[in-house]
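**Student:** Here it is, the structure, as structure tokens.
What follows is calculated from the coordinates using simple rules that are stated; it is not laboratory data. Worth saying up front: this structure is predicted, and the values here are computed from it rather than measured. For neighbour counting, all protein chains shown are included, and Cβ atoms are generated from backbone atoms with ideal geometry for every residue, glycine included.
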Amino acid sequence: MSELSRLGRSLGQIVTVLDGFVKAGVAFIAIKENIRVEGKQDFQTKVMTTLSGLFAEVERDLISERTREGLAKARASGKTLGRPKGSLGVSPLDGKEDEIREFIDVGVSRTAIAKITGVSQSTLYNFMATRELKPGR
């Protein structure tokens, strides 16, 4: 593996995974930190893995904190966060609204409508929800 920090999100997870490797007799090499765990861990390896894992956890915490601060600052300055609201996307069902509405009105199931129109059920459900296609409309 390239980095020891890829084994887990916290020091505890990393130590647990490495202990599992040792018990299973699996050799592990962290290329970036030049740490080798083969069969058993000696004192030096335990110290290096613990320090590397701790540094990685602290770094993740700092990144998360800076991200939260940046988002709070952007919100305070009036920025709108998230995906922009936009127009409806292009659908293979565009132009078939009346046909779908007729099927709904005569009681055809949505599964059958999806088969008739040649789209997946999720495509049909999303189309109906975004176009507000309901019986009687």
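**Student:** Rounded to the nearest 20 debye, what is the charge dipole size of the range 46-123 about its Cα centre when +1 sits on each Lys and Arg Cβ and -1 on each Asp and Glu Cβ?
**Tutor:** Here the size comes out at about 400 debye.
**Student:** I would also like to ask the following. Tell me which GluC sites (Glu not before Pro) from the range 63-137 have a DSSP coil assignment and no more than 16 other beta carbons within 10 Å of their own.
**Tutor:** Filter output for the range 63-137: E132.
**Student:** Let me know the number of lysine pairs in the chain closer than 27 Å at the Cα, not counting same-chain pairs under 8 apart.
**Tutor:** Pairs that pass both the separation and distance tests number 11.
**Student:** Of A30, G107, L81, which is farthest along the charge dipole of the chain in the positive direction, counting Lys and Arg as +1 and Asp and Glu as -1 at C-beta?
**Tutor:** Final value for the positive-end residue is L81.
**Student:** Please name whichever of L93, T45, G12 sits farthest to the positive end of the charge dipole of the range 1-130, dipole taken about the Cα centre and charges placed at Cβ: Lys and Arg +1, Asp and Glu -1.
**Tutor:** So the residue we want is T45.
**Student:** Test of the criteria: in the range 16-123, which trypsin sites (Lys or Arg not before Pro) are in a DSSP loop and have at most 15 other Cβ atoms within 10 angstrom of their Cβ?
**Tutor:** Listed in order of number, the matching sites are K32, K79, K85.
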